[in-house]
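The values are calculated or read from the model by the stated rules, or taken from the named source; none is laboratory data. Please read these numbers as outputs of a predicted model, since none were measured by experiment. Here Cβ is always computed from backbone atoms with ideal geometry, including for glycine, and neighbour counts include all displayed protein chains. When the accessible area is computed, the model is the full protein with side chains, heavy atoms only, and any ligands, DNA or RNA have been set aside. Shrake-Rupley method; radii C 1.70, N 1.55, O 1.52, S 1.80 Å.
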Amino acid sequence: MSATLSSTISEPSMLSFVPEEMTDPAPYHLLTSVVAPRPIAWVSTISSSGIPNLAPYSFFNAVAGFPPTLMFSVAYRRKEPREKDTLRNIKEVDEFVCHVVDESLSEAMIQTAIEFPYEVNEFETANLAMVPALDVRPFRIAAATVAMECKVTQIVPVEGATNVMVLGRVLRFHVREDLYRPELGLVDTVQMKPITRLGGPIEYTKIGELFPLPMPAV
């Protein structure tokens with residue numbers, strides 16, 4: 001069957017790019033428009049002196065289920081060559097809270113993407129109420145539909161890049177009650193209404209149509 005299909009489907013006209021031959025930041029823009037849509041980790045951390053921080057990261061995903069483990073990638077600040085407050089904080093306090101960004105919180109989220117000075121509390125600048133977490137020291141966004149309290153397990157520099165991967169084990173899930181489907185142990189992702197990141201600097205998208213795709217019988 002595959003041989004028959006390959007003989008009847010023509011190859012599309014393709015462009016080819018080599019990152020080393022592209023002008024910066026073209027490789028980044030191309031990559032982020034291809035690897036899309038990307039979920040957004042809205043990460044709350046706290047400094048050793050108790051200063052809260054809140055920032056979004058779209059280089060983010062789940063990387064293990066047993067135990068549940070998340071990864072997000074932090075780049076150095078663009079305006080000056082030093083690490084972002086999130087990375088600085090997790091090196092001091094190895095915990096964080098990862099939130100889902102839903103449609104209702106999108107405007108608040110983008111306010112926390114601004115690179116404020118270290119002493120600024122982004123919960124306050126975005127007018128977000130914060131509540132104590134149960135198992136970690138960083139605060140939780142009160143209005144977030146889903147939040148995951150995490151313990152940092154690894155901090156891994158990306159070879160040849162200014163990015164650092166942060167891996168964290170989920171210690172506790174907080175899920176808005178009406179979103180939980182107890183019969184399946186799942187969240188109703190469509191009703192959660194997450195927003196995701198695309199390639200352009202201001203391009204985001206909402207969740208699209210849900211459709212079933214059963215695994216073929218062997």
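Looking at 118, 57, 76, just one residue is out of contact with any Gly (no Cβ under 8 Å at 6 or more places or on another chain), in contact (Cβ under 8 Å) with a residue 12 or more places away in the chain and crowded, with 19+ Cβ neighbours inside 10 Å, and that residue is 57. Report yes if residue 170 is within 27 Å of residue 26 (Cβ to Cβ), hydrophobic (A, V, I, L, M, F, W, C) and out of contact with any helix residue (DSSP H, G or I) (no Cβ under 8 Å at 6 or more places or on another chain), otherwise no. Considered against the rule, which asks whether it is within 27 Å of residue 26 (Cβ to Cβ), hydrophobic (A, V, I, L, M, F, W, C) and out of contact with any helix residue (DSSP H, G or I) (no Cβ under 8 Å at 6 or more places or on another chain), residue 170 comes out as no. Among the conditions (1) within 23 Å of residue 157 (Cβ to Cβ); (2) modelled with pLDDT under 95, residue 95 misses just one, which is (2). Taking the stated definitions as given, is residue 113 among the small types (Gly, Ala, Ser), open to solvent by less than 60 Å² (accessible area, probe 1.4 Å), in a strand (DSSP E or B) and touching a strand residue (DSSP E or B) at 6+ places or on another chain (Cβ under 8 Å)? Considered against the rule, which asks whether it is among the small types (Gly, Ala, Ser), open to solvent by less than 60 Å² (accessible area, probe 1.4 Å), in a strand (DSSP E or B) and touching a strand residue (DSSP E or B) at 6+ places or on another chain (Cβ under 8 Å), residue 113 comes out as no. If you filter the stretch 194-218 down to residues that are within 29 Å of residue 113 (Cα to Cα) and of a type in the set (A, V, I, L, M), you find that the one that is surrounded by the most Cβ atoms within 10 Å (Cβ to Cβ) is 195. In this structure, does residue 48 turn out to be free of Cβ contacts under 8 Å to residues at least 12 places away in the same chain, open to solvent by 20 Å² or more (accessible area, probe 1.4 Å) and assigned to a loop (DSSP other than H, G, I, E, B)? Considered against the rule, which asks whether it is free of Cβ contacts under 8 Å to residues at least 12 places away in the same chain, open to solvent by 20 Å² or more (accessible area, probe 1.4 Å) and assigned to a loop (DSSP other than H, G, I, E, B), residue 48 comes out as no.
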